[in-house]
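> Before anything else, here's the structure in question.
The values are calculated or read from the model by the stated rules, or taken from the named source; none is laboratory data. From a predicted model like this one, the values you see are computed outputs, not experimental measurements. Neighbour counts run over all protein chains shown; Cβ positions are idealised from the backbone, glycine included.
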Amino acid sequence: MTKPRLFSGMQPSADSLQIGNYIGALMQWRGMQDDYDAFFTVVDLHAITVPQDPAQLREKTRRTAAQYIAAGVEPSRSTLYVQSQVPAHAELAWILSTITGFGEAGRMTQFKDKSQRYGADQASVGLFTYPVLMAADILLFQAEAVPVGDDQKQHVELTRNLAERFNSRFGETFVVPTPVIQGETARIYDLQDPTSKMSKSAESQAGVLYLLDDINATAKKVMRAVTDSEGVVRYDRAEKPGVSNLLTIYAALTGREISSIEDEYAGRGYGDFKKGLRDVIVAEFEPVRARALELLEDPAELDRVLSANAERASEAAEQTLATVYERVGLLRRG
Ligand code: TYM
């Protein structure tokens, strides 16, 4: 029986992924590989919608791929490749951009946030059409499931709208995808500013935990995480955002219920709780970091695996693209 398709990706926008990427997306990816024909992509074409240093971009792309593998994505089972190596992404994005409304694209909150940060003159047209490229990623593979963190929900909604619009205008072509978003763990917050989403592009790095960072630096960041003055390890997102975020991370990494962690630390202070969490994070990160660094010692082999996977992805993508060109009325090359 053929398995349903799954698609997801991450931007190679930093030297390392952060714990939000790991808990919000990678842990889900790892667990879904058995049940889906999965495509996991390093979305370098998305990354260049904001300025990137060329040499660093190449390095970050490899580092991102290495972290996928180190975290448990298996390139022999799932298709793990680099977006720019499959030209169909950009080709389908163009077609989809012709059925996307200007206002519709302008309502994407991530675009609004980023364009505000960069200013109207610095924000590129590519940043504006970013969600259309993301829709193309997903629709090219006829993906049913798209496991992402909470912040990508609006983009997957747009993807669904574009798929339905295309299907009704040109005939049934695309599978309409469903976002797979876990509850609490779909949004991990900054350890220093626990009301803001943790992000690689945060101004201060003090509250961001990176998979590939020196493990002592990570341990220190955990011990310095913002809490509150109550001194009770108790989940309350509104009143105790810092402690609640730490509890969410603890529960996600151990597979335990939040209430059982609260019980364990009842009557003990935040110091003990943070030490416990630090040990959990160190135990989780250390093998992933070691494996990723090992993979990065042989970039030629990593590049070879990525190219072979891009070949596999191209075959699947070209099938969809051929149907799309046909439906839209583009003249076939003889
Ligand atoms: P990106 O690179 O920003 O993030 C990668 C994944 O990590 C999730 N994530 C988080 N989850 C929980 N808490 C956080 N603090 C946190 N920060 C990030 C994101 O939701 C995402 O799942 N546009 C996408 C990449 C993309 C994509 C796609 C994803 C391009 N094409 C097609 C799915 C399908 C992005 O920028 O993710």
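> Tell me, please, whether a residue that is in the same structural domain as residue 286 (by TED's automatic domain parsing) and buried (at least 20 other Cβ atoms within 10 Å of the Cβ) can be found in segment 152-163.
No, every residue in segment 152-163 fails to be in the same structural domain as residue 286 (by TED's automatic domain parsing) and buried (at least 20 other Cβ atoms within 10 Å of the Cβ).
> Only residues that are in a strand (DSSP E or B) and either small (Gly, Ala, Ser) or closer than 17 Å to residue 292 by Cα (or both): list them for segment 20-38, please.
Correct list: 38 only.
> Within segment 141-167, track down each residue that is more than 11 Å from the ligand (Cβ to nearest atom) and among the small types (Gly, Ala, Ser).
163
> Ok, one more. Keeping to segment 192-204, report how many residues are surrounded by fewer than 22 Cβ atoms within 10 Å (Cβ to Cβ), within 14 Å of the ligand (Cβ to nearest atom) and free of Cβ contacts under 8 Å to residues at least 60 places away in the same chain.
Summing the residues that are surrounded by fewer than 22 Cβ atoms within 10 Å (Cβ to Cβ), within 14 Å of the ligand (Cβ to nearest atom) and free of Cβ contacts under 8 Å to residues at least 60 places away in the same chain in segment 192-204 gives 5.
> Looking at (1) out of contact with any Ser or Thr (no Cβ under 8 Å at 6 or more places or on another chain); (2) within 10 Å of the ligand (Cβ to nearest atom); (3) not small (Gly, Ala, Ser), find the lone condition where residue 138 falls short.
Tallying (1) out of contact with any Ser or Thr (no Cβ under 8 Å at 6 or more places or on another chain); (2) within 10 Å of the ligand (Cβ to nearest atom); (3) not small (Gly, Ala, Ser), residue 138 fails exactly one: (1).
> I'm told residue 99 meets every condition in (1) within 12 Å of the ligand (Cβ to nearest atom); (2) over 18 Å from residue 306 (Cα atoms); (3) in contact with a helix residue (DSSP H, G or I) (Cβ under 7 Å, 6 or more places away or on another chain) except one. Can you identify the failing condition by its number?
In the conditions (1) within 12 Å of the ligand (Cβ to nearest atom); (2) over 18 Å from residue 306 (Cα atoms); (3) in contact with a helix residue (DSSP H, G or I) (Cβ under 7 Å, 6 or more places away or on another chain), residue 99 misses (1) alone.
Residue-by-condition table, conditions (1) farther than 19 Å from residue 182 by Cα; (2) part of a loop (DSSP other than H, G, I, E, B); (3) of a type in the set (Lys, Arg); (4) touching a His at 6+ places or on another chain (Cβ under 7 Å):
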residue: 213; (1), (2), (3), (4): yes, yes, no, no
residue: 216; (1), (2), (3), (4): yes, no, no, no
residue: 228; (1), (2), (3), (4): yes, yes, no, no
residue: 238; (1), (2), (3), (4): yes, yes, no, no
residue: 245; (1), (2), (3), (4): no, no, no, no
residue: 248; (1), (2), (3), (4): no, no, no, no
residue: 251; (1), (2), (3), (4): no, no, no, no
residue: 260; (1), (2), (3), (4): yes, no, no, no
residue: 273; (1), (2), (3), (4): yes, no, no, no
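Table: residues versus (1) more than 13 Å from the chain's Cα centre (by Cα); (2) surrounded by fewer than 23 Cβ atoms within 10 Å (Cβ to Cβ).
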residue: 38; (1), (2): yes, no
residue: 46; (1), (2): no, no
residue: 55; (1), (2): yes, yes
residue: 58; (1), (2): yes, yes
residue: 75; (1), (2): yes, yes
residue: 84; (1), (2): yes, yes
residue: 96; (1), (2): yes, no
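> Does residue 215 satisfy the criteria of being surrounded by 13 or more Cβ atoms within 10 Å (Cβ to Cβ) and in the same structural domain as residue 20 (by TED's automatic domain parsing)?
Numbers: surrounded by 13 or more Cβ atoms within 10 Å (Cβ to Cβ): yes; in the same structural domain as residue 20 (by TED's automatic domain parsing): no.
No: the conditions fail for residue 215.
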